[in-house]
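Down below is the structure, laid out as C-alpha cells.
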Amino acid sequence: MAPLLLAASALLAGHAHADDATLGKTLATQGSATGVAACIGCHGSHGEGNAAAGFPRLAGTTAAYLSAQLAAFADGSRQNPVMQPLSKLLTPHERDAVSAYFASLPAPAGVFTADDASIDPANTGAWLATRGRWSQGLPACAQCHGPGGLGVGTAFPPLAGQPAAYIAGQLNGWKHGARPPGPMALMPMIAGKLSDTDIDAVAGYYARGGAAAQGDKQ
C-alpha cells in the first residue's frame with residue numbers, strides 16, 4: 001500500500017508542477033482574466049528587459065527574489081505606479097508561478113563576464129563595482145552581487161545587463177528612502193554615500209555587461 005501512496009503522491013506533485021509552469025507562462029505571455037497585463041509587454045518576450053524604457057531584466061533572476069518583489073509591490077512597501085496595481089491582482093500562488101517561469105529562462109547571452117583584475121581607477125563605475133571606495137566605507141558591489149554582476153542567492157539579484165536607468169532608479173530610491181531597505185538594510189547606507197555621478201557610472205558599467213565594459217571611462 002505504501003509504495004502505491006508514494007507513487008500517487010509523486011504523480012500528483014508532477015501534475016502540480018506542470019500546472020504551475022503553465023500558469024506562470026500564461027501570466028507572463030498572456031496576462032490574466034482579472035486584468036493583469038502580460039509581463040512580456042514591458043519586460044520583453046524572453047524576459048530580457050527593455051533598456052530604452054528602463055524596464056528590468058527578469059530572465060535568470062531567482063524565483064524567490066522576484067516573488068518577494070511582487071509581494072512588496074502588492075503590500076505597498078515597494079512603490080511603482082505600474083507594478084503596484086498589477087501585483088495586487090495576483091494571488092501569492094500566481095506570483096510564485098510567474099516568478100518561477102522567468103527564473104527558468106536563460107539570461108541574455110554575453111551578459112556575465114569575469115571581473116578584470118586590472119582596472120583603471122579613473123573608470124569610476126568599474127572601480128566601485130569591483131573595488132568599492134573604502135575611504136567612505138563603501139564595499140565593492142561584487143562583494144554581494146558576485147563577480148561580473150551575476151547575483152548571489154535569493155537576496156542579491158543580478159546587475160549585469162540591467163538597464164542603466166533601472167539600476168540608477170533603484171539606487172536613487174534607496175538613497176531617498178523610496179525603496180524598502182532590503183537584506184540587513186545595506187542598500188540605503190551604500191546608496192547614501194554615492195554621488196549622482198557615482199550612481200550613473202556604476203549603473204552604466206553594469207548595463208553594458210559588467211566587466212565587459214571596464215574599458216569605458218566613466
Using a Förster distance of 41 Å, the FRET efficiency for Ser77-Thr22 (Cβ separation, nearest 0.05): 0.85
Peptides ranked, highest mean first, by Cβ atoms within 10 Å: ranges 159-165, 76-82: 159-165, 76-82
If we sort 23-32, 93-102 on the protection proxy, mean other Cβ atoms within 10 Å, highest first, what's the order? 93-102, 23-32
Please state the charge dipole magnitude for the stretch 124-213, taken about the Cα centre, from unit charges on C-beta atoms (+1 on K and R, -1 on D and E), reported in debye and rounded to the nearest 20. 100
Which length gain, in nm to one decimal place, applies between Lys193 and Ala64 when the Cα-Cα distance is subtracted from 0.36 nm times their residue separation? 43.6 nm
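Rule-based calculations on the coordinates, nothing more; no lab input. Everything quoted here is computed from the prediction, not taken from an experiment. Cβ: placed from backbone, ideal geometry, glycine included. Neighbour counts: every protein chain shown.
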